[in-house]
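Engineer: Before anything else, here's the structure in question.
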Amino acid sequence: MMSAGIGLDVVPPLHEPWDPDDSMDFHAARLLVLLRGCGTGAKPGIDGRTKLAKLDFLLRYPAFLERALDHLRDVGASTTEWTASGAEIEAPMIRYRYGPWDPRYRQFLAFLLARKLITITTAKPERVQLTAAGRRAADDLSGRASFQPLLDRCAAMAPDLSTMTGTELKDLVYALFPNEVGDLPYWTEIRT
């Protein structure tokens, strides 16, 4: 059973196709899985929105994740070998001041916070972490076959990328993807 209505089946109206990018549940579920898979500490969490956004970027764009892991392995900073299956993008992001961003993050986090699935500290950098209910929901999602691609990506990120700071991740994204991210005008959708 899903906690707080996250991830329940959604049926689109018959007259229009359903785009998962328009679903708050879709984004909330992905962030719960990301916090569970890449969060640190007793209450799994991620320090800072920059770090959250960059890890979410790599989760959403598997081809970029593969390139980042290849680079880290080439420079001896990682032993993780992972291959993207297909070039799908989970949900598009835009180029903003510190790289990849989704202008709906405040909505996504407020949605999770209102359902008591996360807490957000006021310290700098803020820490987004799972509550006990959030851990149960993330565990439930993690038991579903449809979330296996996200779980695999989180597992690939966990040993190396998830231990980097938000600034280190931002710098890595700019260094590895100058044409695809760094040189784009603000508010432009990032494509592979």
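The values are calculated or read from the model by the stated rules, or taken from the named source; none is laboratory data. Bear in mind that the values here come from a model prediction, so they are computed numbers and not experimental data. With ideal geometry, Cβ positions are generated from the backbone for all residues, glycine too; neighbour counts draw on all protein chains shown. Just so you know, the surface numbers come from the protein's heavy atoms only, side chains and all, with ligands and any DNA or RNA stripped out. Shrake-Rupley method; radii C 1.70, N 1.55, O 1.52, S 1.80 Å.
Engineer: Collect the residues in region 141-170 that are surrounded by fewer than 16 Cβ atoms within 10 Å (Cβ to Cβ) and under 18 Å from G99 (Cα atoms), keeping them in residue-number order.
Structural biologist: Those that are surrounded by fewer than 16 Cβ atoms within 10 Å (Cβ to Cβ) and under 18 Å from G99 (Cα atoms): T165, T167, E168.
Engineer: Condition first: open to solvent by 70 Å² or more (accessible area, probe 1.4 Å) and either outside any loop (DSSP other than H, G, I, E, B) or in contact with a helix residue (DSSP H, G or I) (Cβ under 8 Å, 6 or more places away or on another chain) (or both). Can you find one or more residues in region 181-188 that meet it?
Structural biologist: No, there is no match, as no residue in region 181-188 is open to solvent by 70 Å² or more (accessible area, probe 1.4 Å) and either outside any loop (DSSP other than H, G, I, E, B) or in contact with a helix residue (DSSP H, G or I) (Cβ under 8 Å, 6 or more places away or on another chain) (or both).
Engineer: Looking at T119 and the list (1) within 27 Å of R67 (Cα to Cα); (2) outside any helix (DSSP H, G or I); (3) of a type outside the set (F, W, Y), which single condition is not satisfied?
Structural biologist: Only one criterion is unmet by T119, namely (1).
Engineer: Consider L113 carefully, then state whether it is closer than 15 Å to H27 by Cα and over 16 Å from the mean Cα position of the chain (by Cα).
Structural biologist: Against the criterion (closer than 15 Å to H27 by Cα and over 16 Å from the mean Cα position of the chain (by Cα)), L113 qualifies.
Engineer: Is there a residue being without any contact (Cβ under 8 Å) to a residue 12 or more places away in the chain, surrounded by 15 or more Cβ atoms within 10 Å (Cβ to Cβ) and either over 21 Å from V181 (Cβ atoms) or not acidic (D, E) (or both) anywhere in region 100-118?
Structural biologist: Within region 100-118 (the criterion being without any contact (Cβ under 8 Å) to a residue 12 or more places away in the chain, surrounded by 15 or more Cβ atoms within 10 Å (Cβ to Cβ) and either over 21 Å from V181 (Cβ atoms) or not acidic (D, E) (or both)), the answer is yes, since at least one residue qualifies.
Engineer: Here's a follow-up. Could you grab me the full set of residues in region 81-93 that are surrounded by fewer than 15 Cβ atoms within 10 Å (Cβ to Cβ) and at negative phi?
Structural biologist: Matches in region 81-93: E81, T83, S85, A87, E88, P92.
Engineer: Among the residues that make up region 13-28, is at least one of them at pLDDT 95 or above, touching a strand residue (DSSP E or B) at 6+ places or on another chain (Cβ under 7 Å), buried (at least 22 other Cβ atoms within 10 Å of the Cβ) and not aromatic (F, W, Y)?
Structural biologist: Checked region 13-28: no residue is at pLDDT 95 or above, touching a strand residue (DSSP E or B) at 6+ places or on another chain (Cβ under 7 Å), buried (at least 22 other Cβ atoms within 10 Å of the Cβ) and not aromatic (F, W, Y).
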